[in-house]
Amino acid sequence: MRIFPAVIALVVVIATPTSVRESAPPVLAAVPTSTALATGAPQALSDFKQRLVAEGRDAGQHGIYIETLDGSRPVAAHNAGALFNPASVMKLATSLAALDRLGADYRFRTEFRTAGEINPRTGELEGDLWLLSGQDPSFSIPDARKVGEGLRQLGIRRVTGDLVVAGAFTCNHNSQTGVSAGVFRRNSGLPISGVTRYEGQAPAPAPGRPLLTLESDRLVRLLLEQNAHSVNAMADVLGASLGGPAAVQRFLVERVGLSEETVYVGQASGLDVNRLSPQGTVALLRALARLLGAHGHGLESVMSVAGLDPGTLRDRFTGPEYAGCVVAKTGTLHSTDGGVAALAGVIYTRERGPLLFAVYDMAEGRHVLRLRQRQDEFLKRLIDELGGPAPLPQLPEPPEPSPLESRLVFAQ
């Protein structure tokens, strides 16, 4: 099943540009916050905290913030302004920065060129084959095969020269350019006589003449793949194309309006040490909803619909009552900061409508996966307390999700 896009118009606060810190703030660093609840804390929140304490956990190591979609009313708050490790929820920040800079329909381009000539009798490309990387985070083994087939359509059966790779190139989620180049060579099906050479970046002007270009699927499709399956390599490559983790952090400060003291981006994928507050995460979600809405998309365009979509939320919020009423990004770390379970996104309720939420649970060195169960229990009870679930309208889909669809563009 899949969900109709929900167009959402929201407001993003733009802050004055500030410098970016070099080191990560500690977990639970105190920051100013205003989270006065209009009607008091929901019973579901009180039950959640009592359950944590009953298990011998420190309630101070957990943070929650939930508010209405328009930001007018907090619904639930606990340590809302404290800093936690968001784990893979940080991928949403990288997604937002990419959408803001590139647009939802952007396609990454990997160009293939040559200064050599094609011998029509032998099918040999007499010269080097250049691969000019466009930092496509989704370039895959099927893409390598597609390029090989495209070159054969141009009459190339063999390359007598070298493969020259210009720029950082990833294939099949391999972070090292050398490894990725080898994966490409093996899977293109095109014999290359020479060695593989590497250029730090493509020379200007570009060498030789163009042969063909492999264009990725649209960015919004790439982001759904990245976030639904929490593909770290895709997020780190995407972050690198934007200028690295520091650039993502500057974006959150300068464009989303988070204060400099409330965010640290160590890796664009959320691996290792990163910091966000629950309240700051909800501000990020609101900015993401606004930007997607401007392109005719909803949050479900870049995050899993729990209980329906394949990925890290496939087996959570299942069943006829709750499937389709939670759209979210998971985050899990098993050792960093003692372990982290994170969940952030939007829940759909009958009485309050859509509510943006962030739940951060530090595992204190034990039972990371059990915290996912506690998160699900809390959100289900909260949804019930607010009139019950209101799943988004559902559309049938093919039994298997469609793969990312890259395309070949032949030079004229």
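All conditions but one from (1) farther than 22 Å from R73 by Cβ; (2) aliphatic (A, V, I, L, M); (3) buried (at least 19 other Cβ atoms within 10 Å of the Cβ) apply to A344; the one that does not is (1).
Checked against (1) closer than 28 Å to Q226 by Cβ; (2) hydroxyl-bearing (S, T, Y); (3) over 16 Å from the mean Cα position of the chain (by Cα); (4) at pLDDT 95 or above, T94 passes all but condition (3).
Close Cβ contacts (under 6 Å, 6 or more residues apart or on different chains) running from residues in the range 254-274 that are at positive phi to residues that are part of a loop (DSSP other than H, G, I, E, B) and of a type outside the set (G, A, S) comprise G257/V13.
Looking at the range 364-371, can you tell me whether even one residue there is of a type in the set (A, V, I, L, M) and part of a loop (DSSP other than H, G, I, E, B)? Quick ask: steps written out before the conclusion?
Keep residues of the range 364-371 that are of a type in the set (A, V, I, L, M), which gives 368-369, 371.
With part of a loop (DSSP other than H, G, I, E, B) added as a condition, the list becomes none.
No.
What about S277, is it surrounded by fewer than 19 Cβ atoms within 10 Å (Cβ to Cβ), polar (S, T, N, Q) and more than 30 Å from A168 (Cβ to Cβ)? Show your work before the answer.
Values: surrounded by fewer than 19 Cβ atoms within 10 Å (Cβ to Cβ): no; polar (S, T, N, Q): yes; more than 30 Å from A168 (Cβ to Cβ): yes.
Judged against the criteria, S277 is not a match.
L151 satisfies every condition listed in (1) surrounded by 15 or more Cβ atoms within 10 Å (Cβ to Cβ); (2) under 21 Å from A168 (Cα atoms) except (2).
Scanning the range 91-148 for residues that are within 21 Å of F169 (Cα to Cα), among the basic types (K, R) and not in a strand (DSSP E or B) returns K91, R101, R107, R145, K146. Annotation: I141 fulfils all but one of (1) buried (at least 20 other Cβ atoms within 10 Å of the Cβ); (2) touching a residue at least 40 places away in the same chain (Cβ under 8 Å); the unmet one is (1). The number of residues in the range 313-352 that are modelled with pLDDT under 95 and either among the β-branched types (V, I, T) or part of a strand (DSSP E or B) (or both) comes to 1.
Among the residues of the range 197-210, none qualifies, meaning not one is among the aliphatic types (A, V, I, L, M) and either modelled with pLDDT of 95 or more or crowded, with 22+ Cβ neighbours inside 10 Å (or both).
Restricting attention to the range 283-304, report how many residues are touching a Phe, Trp or Tyr at 6+ places or on another chain (Cβ under 9 Å) and either of a type in the set (S, T, Y) or not in a helix (DSSP H, G or I) (or both). Can you show your working first?
So in the range 283-304, the residues touching a Phe, Trp or Tyr at 6+ places or on another chain (Cβ under 9 Å) come out as 285, 298, 300.
Among the residues that remain, those that are also either of a type in the set (S, T, Y) or not in a helix (DSSP H, G or I) (or both) are: 298.
The total comes to 1.
Within the option set F378, F357, F410, F317, being of a type in the set (F, W, Y) and surrounded by fewer than 14 Cβ atoms within 10 Å (Cβ to Cβ) holds for one residue only, F410. Every condition in (1) surrounded by fewer than 20 Cβ atoms within 10 Å (Cβ to Cβ); (2) within 23 Å of the chain's Cα centre (by Cα); (3) modelled with pLDDT of 95 or more; (4) closer than 23 Å to V368 by Cβ is met by V27 except one, and the failing one is (3).
The values are calculated or read from the model by the stated rules, or taken from the named source; none is laboratory data. Computed from a predicted structure; not experimentally measured. In this analysis, Cβ positions are derived from the backbone assuming ideal geometry, glycine residues included, and neighbour counts consider all displayed protein chains.
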